[in-house]
Amino acid sequence: KEPEKRISAVQALKSKWFSKIEGKETNQLSNEVFESLKTYEANSILKKEAMNVLINMLKDDEIEDLREEFRKMDKDYTGTISAQELEDSIRRTGKDITANEIKEIIEKVDYLGNGKINYSE
């Protein structure tokens, strides 16, 4: 009844209610996603198209899991993951990673060449 008193969507997403699901922190990057980021290479059109075909074969719940992993890393809700966001997410898993390894991951995944990982990548 009083929209001006409501919190914004961004504020709601930052709420503690969204940071925990079933008592488990949701901002931790899964090991599977971490390993995939380390080995993924997006340097050819053929590979990108093959990935699109494979993505279309995923089940809805698998796609949603990948979206959720991306959201966990995208702390500023820009639709991109910066080197710092990636590093922070990986370190939260307890893994030690160098700046060089972060740079390598981003270079392998960043086919748009903007120095970040976009949702579409």
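A few points about this structure:
- Taking the charge dipole of the stretch 29-118 about its Cα centre, with +1 at Lys and Arg Cβ atoms and -1 at Asp and Glu Cβ atoms, the residue from Leu54, Ala99, Val33 reaching farthest to the positive side is Ala99.
- Long-range amide H partners of Ile81 with built H, under 5 Å: Ile117, Asn118
- Of Lys48/Lys95; Lys48/Lys108; Lys38/Lys95; Lys48/Lys103; Lys72/Lys116, pairs whose Cα-Cα distance is over 18 Å: Lys48/Lys95; Lys48/Lys103
- Label point 7 Å beyond Cα of Ala9 along Cβ direction - residues of the stretch 58-88 with amide nitrogen under 14 Å: 77-79
Values in this text are rule-based calculations from the coordinates and carry no lab data. Bear in mind that the values here come from a model prediction, so they are computed numbers and not experimental data. With ideal geometry, Cβ positions are generated from the backbone for all residues, glycine too; neighbour counts draw on all protein chains shown.
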